[in-house]
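Notes follow once the structure below has been shown.
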Amino acid sequence: MDIEIPYNVEEREDTGLYNAKLGIWLFLASEIMLFGALFSTYIILRTGDTTWMTAVKGAHLNIPLATLNTAILILSSVTFVMSWVSLKLKDFSGFKKYMGITLLCSVLFLVIKFFEYKAKFDVGHYPSTHNFYAVYFTITGLHGIHIIGGIIVNAYLWLPGSKMWNTDPKRFTNRIEVAGLYWHFVDLVWIIVFPSIYLL
Amino acid sequence: MSDHDIESHIKVYWNVFYALLAFTILTVAVSYIPFEEYNLPFSPMFWALLVGLSIAAIKGYLVSAYFMHLNSERKAIYYLLLLSILFLVVLMVIPMAWSVSARNPNAGYAPYVQDDVERGYVDKDYYHGSDEDH
């Protein structure tokens, strides 16, 4: 049985979009609410406690590592766009190369995050230590889970999923665009998390 | 999009990347500005927030406008985003209004701080210090 799913490639007349694109934007809208709730929690806890992280002995966040992670994530975003552009130019090997760099950056981000967390646990700082750490681990942890989710989907599209390029190249290009929108959103969240948690 | 269009887009994508890197360095640099040493209106925290989040907003604009193609997107998506931002504002304003409301018995009180002191996680003297020492 072979059912043709409509609007995978062609645009719907009423929305002007192919369905997956509308779908990912609806999902991202719900993500805005999710992270928004955590940020409003952060703002209230922070404004209610003037001492904040100085209340915990020896508390500090590793700004050089977080800055490096910001740069890595920005690089992964631009290489993701380039992988999509490569498909638009019908350059499949270019797609493989750029998506490979994106995945490498994503894994590197998590490795750095691991060392960052480990340094906190080593000195006995846990989410239960203080509101400051609760907020820090919750927001960066949720962001990290988003990175892991992105890696799973992107790795699928990079390896087994890329077979679709031979049978339905336009649909595959759209898949990459949609996965890219998610990935840029994760980058965007980090761009806000970095100054508001690490630098303030 | 023709191939020529794409070529010019590639240039834009990489320029956005360099701009994002530059703004990242800038945002770290401005975090070292000692706002408390200048005689500014409002609190030093206000200025740190204003400068830090302004740069973040510019970076956010660059990512969403160029990487996510929001500078030339369909109306359906603009309406969708407008609606979710509206809900986000409501979501943020309600608890914030309550936390400063005169009817809130705990207005201006940091929850759980006392528990933290009692459990010995934090140094109690910090909570007796003045607001300026941060």
Checklist entry - Of A:His60, A:Leu104, A:Tyr133, which is farthest on the positive side of the dipole of chain A, counting Cα position, with +1 on Lys and Arg Cβ, -1 on Asp and Glu Cβ, and the Cα centre as origin? => result A:His60
Checklist outcome for this item: Counting only residues 5 or more apart in sequence or on a different chain, those whose built amide H sits under 5 Å from that of A:Leu17 are A:Arg12
Checklist outcome for this item: Expected vector for region B:83-92, Karplus 3J(HN,Hα) from phi with 6.51, -1.76, 1.60 and θ = phi - 60°, integer Hz, x for Gly and Pro, equals 5, 6, 5, 4, 5, 4, 4, 4, 4, 7
Item to check | Largest-first ordering by accessible area, 1.4 Å probe, given options A:Val193, B:Val28 | outcome: B:Val28, A:Val193
Next on the checklist: About the Cα centre, and with charges only on the beta carbon of Lys, Arg (+1) and Asp, Glu (-1), how big is the dipole of chain A? Nearest 20 debye, please.
Outcome noted: 580 debye
Checklist entry - Roughly how crowded by other chains is peptide B:61-72, in terms of the mean Cβ count from those chains within 10 Å of each of its Cβ atoms? => result 5
Checklist outcome for this item: Rounded to the nearest 100 Å², the accessible area hidden between A and B, summed over both chains at a 1.4 Å probe radius, is 5000 Å²
Next on the checklist: In chain A, if the dipole is taken from +1 on Lys/Arg beta carbons and -1 on Asp/Glu beta carbons about the Cα centre, which of A:Ala119, A:Ile24, A:Ile191 is farthest to the positive end?
Outcome noted: A:Ala119
Next on the checklist: Can you show me the helix-derived [θ] at 222 nm for the protein assembly as shown, built from DSSP H runs with n ≥ 4 at -39,500 (n - 2.57) apiece and divided by the number of residues, rounded to the nearest 500.
Outcome noted: -23000 deg cm²/dmol
Next on the checklist: Take the residue pairs A:Lys120/B:Lys59; A:Lys90/A:Lys118; A:Lys118/B:Lys11; A:Lys88/B:Lys59; A:Lys96/A:Lys120 and return only those whose Cα atoms are more than 32 Å apart.
Outcome noted: A:Lys90/A:Lys118; A:Lys118/B:Lys11; A:Lys96/A:Lys120
Next on the checklist: On C-alpha positions alone, give me the angle between the axis of helix A:92-122 and the longest principal axis of chain A, in degrees, nearest 10.
Outcome noted: 20 degrees
Item to check | Calculated from backbone phi, Karplus (6.51, -1.76, 1.60) coupling profile of region B:65-80 in Hz, x at Gly/Pro | outcome: 6, 9, 6, 9, 6, 6, 6, 8, 10, 6, 4, 3, 6, 4, 4, 4
Checklist outcome for this item: Log entry: pair-distance distribution for chain A, C-alpha pairs binned every 10 Å from zero, whole % per bin is 8, 31, 30, 18, 10, 3, 0
Next on the checklist: Calculate the FRET efficiency for A:Leu200 and B:Ile94 from the Cβ-Cβ distance with a Förster distance of 25 Å, rounded to the nearest 0.05.
Outcome noted: 0.60
Checklist outcome for this item: Square roots of five times the C-alpha gyration tensor eigenvalues of the protein assembly as shown, ordered largest first and given in whole Å, equal 40, 21, 19
Checklist entry - Taking only protein heavy atoms and a 1.4 Å probe, what accessible area per residue, in Å², does the protein assembly as shown have with all protein chains in place? => result 53 Å²
Checklist outcome for this item: With x for Gly and Pro, the residue-by-residue ³J(HN,Hα) of region A:68-81, computed from phi through the Karplus equation 6.51 cos²θ - 1.76 cosθ + 1.60 at θ = phi - 60° and given in whole Hz, is 4, 5, 4, 4, 4, 5, 5, 4, 5, 5, 5, 5, 5, 4
Next on the checklist: At 1.4 Å probe size, what's the solvent-accessible area of A:Asp49? Round to the nearest 10 Å².
Outcome noted: 10 Å²
Checklist entry - Whats the longest run of chain A with zero trypsin sites (Lys or Arg not before Pro) that are DSSP loop and have at most 15 other Cβ atoms within 10 Å? => result A:91-200
Checklist entry - How much solvent-accessible surface does B:Glu36 expose, in Å² to the nearest 10, with a 1.4 Å probe and all protein chains in place? => result 120 Å²
Item to check | Along principal axes, Cα extents of region B:1-105, largest first, whole Å | outcome: 62, 38, 16
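The values are calculated or read from the model by the stated rules, or taken from the named source; none is laboratory data. Small disclaimer: the values here were computed from a predicted structure and weren't measured. Counting neighbours? That spans all protein chains shown, and the Cβs are built from the backbone with ideal geometry, glycine included. These area figures cover heavy atoms from the full protein model, side chains too; ligands, DNA and RNA do not enter into them. Shrake-Rupley method; radii C 1.70, N 1.55, O 1.52, S 1.80 Å.
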